[in-house]
Each structure stands twice: as C-alpha cells, then as structure tokens.
Amino acid sequence: MKLLITGGAGFIGSNLIHHIIDQPEVERLVNLDCLTYAGHLANLEQVSRHPKYVFEKVDLRDKTAALQVVQRHGISHVMHLAAESHVDRSITGPGDFIHTNVVGTFNLLEACRATWVDPSVSTRFLHVSTDEVYGSLGATGLFTETTPYAPNSPYSSSKASSDMLVRAYHHTYGLTTVITNCSNNYGPYQFPEKLIPVVIQSVLARKSVPIYGDGLNVRDWLYVRDHAQALWLVLTRGKEGDTYNIGGHNEWANLHIVELICDLIDEMAPQLGGQSRKLMTFVKDRPGHDRRYAIDAGKIQRELGWVPAHRFEEGIRETVRWYLDNQDWVREVLAKK
C-alpha cells in the first residue's frame, strides 16, 4: 500500500499517521498538507524521520500539483482528511470552505481517476466527513447512514458537497471509494479554536469561558485515537461504495463539557486557585447553531467489529492532562496563527 493522507499535519490527520505508520501493509505513507494555521509539522516530530514517511507541502486547490503527487509516489490508497473545518470561520468567510473542501476534493478525485487506470492494481479512496451534513436532531433519535442530508452551515454544506462528489465518482467512473461521517473529535493536537481546547486555554489563563446560548446544545464526542482506529478498519475492510458512521457513544451538552473541564483543571492545577466554574460566561448563540447531533455507529460495529475504546470521562481527562503538559506546543501553534 502506497498511502496518501491529506491534511496529515492537522489534528485528526496527525493522530491517524501516528496510529498507522507502523502497519505492515503500508509500504510508503505520504502526508500532503499545505500547512494552514491548523496544520503543524510539530505534530509529527516523532515520525518525521520514519523510513516510510514522506511530506509534501501541496495545496489541493492546485490541480496540477495534486496530480503530480499521486503519480510521482504511485499512490494506491487515499485517506482524504484535508479540509477547512471550523464552523465559526465558515460563517465569516465561506469562500475558503468552498475552494478547499469542494474544489480540493474534486481535484484529488480527478488525480486518482487519471492515475488508477490499471484494474489489476488494488486502490481505494476514503473520504473522511462529518455528522454535520445530516443537520440537527431533536431531543431523540440518531443519525444513520441513510439519514437525508440537511446541512445548515457553509462548513457542513461544503462537506455535504464533497461527499456527493465522492459518491458520484464511484457510481459514474467506478472509482473505489468509501465515506465516513464522524461525530465531534477531541484529544491531543487539536488547534485551540474548538470548544474543548478553547475552554482549557481560557481556564488556564483565568479568562472568561464563553458558552454559546444556553449551553445545552448536545454533541456526540469521539476520542481522536478511537477515530483513527476506525478509519484504518474502513480503509482496509470497509465495503466499496458504502458509508460508515463513526460515533463515540458519548452524548454531552456543551455546558456539561465546560463544567467538567473546569473541575479537572481545578484538580490537576490547584495552584491556579480553583473555582474555575466562575469563569463561565454565556454569550450570544452563533447563527444556525444545530441543537443536537448523535450518531448510530451500529453498522461499523456489526460489519467491522469497531467500538470506541475510551469512555468520555477517561478521554477528556487524558486530553486535559495532555494540554497541561504541552503548553509549549500551544504557544507555538498560536504564534503561527
């Protein structure tokens, strides 16, 4: 397997590379990343000199460059994670999301279609997407692989569009594709703009901790290393042309998450003085804020035997500990931003 991982210097991508670099099936692992504010080679220092590892600084919006990478390395398998992913940024600047998530995916599909012409060579294109394409749930119910798409933000719309492109290239051109839709990831190396690292950094700095609306928006939380394991199973064993939902079986309201992080930091860093919950501040809700996401991950469990290994309580404890121990990394990535 000559594997291309796009967005490998980002949060999920770097955790994925750490997880699979030593898999015996992988002959070469090419990390393609254009190193935006959310991509950091510091995430990959431990694998940077691995004999299988190659880094290519390439922007997928450059169609020619994307084709050259696929052909130069003889890529047989793709795990496509490169994307603009922050909902707030998509509201203030949707153009980047269309160009990167839609056009970038199109360029990569075209590169694979032009290269994968020998039917005797095993190939596969895994497109990593989000549960946000399904829209918003009420108080009950779960997203399944057959839930109709109903995206409500420019970010989720751009991901829904790229999902449809991948599906079309399978049905129209016979490209060997598979799609995953995951719930909210958390864990090491997440850029401090998402909820969990934002809360951690705000509490450590003794700054106000912003909570949108009433704080009761619910998300299903997936530990990033569990997600990496699931992605590898889908790449190697998932059914061609199919979709798999990947969820953490951990539904929590944002307010509960913030309270838990405040309490963990009070426990782990008592020198800060405790009473971190007093930093919590409710702010105006963001436009189009979906009320609840929750994934039915029964299909991937039945077909591939995957279940998340981490309960949220232990995963969030590990995550808070990692950020406390890696403040140099936080300062480095924030300085780059």
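The values are calculated or read from the model by the stated rules, or taken from the named source; none is laboratory data. Everything numeric in this text was worked out from a predicted model, so none of it was measured. Cβ sites come from the backbone with ideal geometry, for glycine too, and all protein chains shown count toward neighbours.
The residue that is nearest to Phe191 (Cα to Cα), among those in region 1-23 that are in a loop (DSSP other than H, G, I, E, B) and over 15 Å from the mean Cα position of the chain (by Cα), is Ile21.
Number of residues in region 69-87 that are in contact with a helix residue (DSSP H, G or I) (Cβ under 9 Å, 6 or more places away or on another chain) and outside any loop (DSSP other than H, G, I, E, B): the value is 8.
Considered as a group, the residues in region 186-218 that are farther than 20 Å from Ile265 by Cα and either crowded, with 23+ Cβ neighbours inside 10 Å or of a type in the set (A, V, I, L, M, F, W, C) (or both) include one that is farthest from the chain's Cα centre (by Cα), and that residue is Leu216. Output the number of residues of region 164-176 satisfying the condition of being in contact (Cβ under 8 Å) with a residue 60 or more places away in the chain and within 15 Å of Gly104 (Cβ to Cβ). Qualifying residue count for the region: 3. Against the test of being touching a residue at least 60 places away in the same chain (Cβ under 8 Å) and not acidic (Asp, Glu), the options Ser153, Ser129 yield a single qualifying residue, Ser153. Of the residues making up region 166-175, those that are within 21 Å of Ile246 (Cβ to Cβ) and surrounded by 17 or more Cβ atoms within 10 Å (Cβ to Cβ) number 2. Mind listing just one residue for me: the one in region 116-139 that is β-branched (Val, Ile, Thr) and touching a helix residue (DSSP H, G or I) at 6+ places or on another chain (Cβ under 8 Å) and, of those, farthest from Thr176 (Cα to Cα)? Once the filter is applied, the top-ranked residue is Val133.
Identify the residue in region 209-264 that is touching a residue at least 60 places away in the same chain (Cβ under 8 Å) and among the polar types (S, T, N, Q) and, among all such residues, is farthest from Met280 (Cα to Cα). The selected residue is Thr236.
Return a yes/no flag: does region 107-124 have any residue that is of a type outside the set (Lys, Arg), touching a strand residue (DSSP E or B) at 6+ places or on another chain (Cβ under 7 Å) and either surrounded by fewer than 22 Cβ atoms within 10 Å (Cβ to Cβ) or farther than 22 Å from Val234 by Cβ (or both). Yes, region 107-124 contains a residue that is of a type outside the set (Lys, Arg), touching a strand residue (DSSP E or B) at 6+ places or on another chain (Cβ under 7 Å) and either surrounded by fewer than 22 Cβ atoms within 10 Å (Cβ to Cβ) or farther than 22 Å from Val234 by Cβ (or both).
Only one entry in Thr177, Thr146, Thr172, Thr140 is hydroxyl-bearing (Ser, Thr, Tyr) and in contact with a His (Cβ under 6 Å, 6 or more places away or on another chain), namely Thr177.
Residues in region 24-68 that are basic (Lys, Arg), part of a loop (DSSP other than H, G, I, E, B) and surrounded by 15 or more Cβ atoms within 10 Å (Cβ to Cβ): Lys52, Arg61. Determine whether Tyr323 is closer than 23 Å to Tyr134 by Cβ, surrounded by 15 or more Cβ atoms within 10 Å (Cβ to Cβ) and either at pLDDT below 95 or in contact with a Pro (Cβ under 9 Å, 6 or more places away or on another chain) (or both). It is false that Tyr323 is closer than 23 Å to Tyr134 by Cβ, surrounded by 15 or more Cβ atoms within 10 Å (Cβ to Cβ) and either at pLDDT below 95 or in contact with a Pro (Cβ under 9 Å, 6 or more places away or on another chain) (or both). Considering each residue of region 144-161, count those that are within 22 Å of Pro287 (Cβ to Cβ) and in contact with a helix residue (DSSP H, G or I) (Cβ under 6 Å, 6 or more places away or on another chain), and give that number. Residues meeting the conditions: 10.
Within region 210-255, the only residue that satisfies the criterion of being over 19 Å from Tyr293 (Cα atoms) and at pLDDT below 95 is Pro210.
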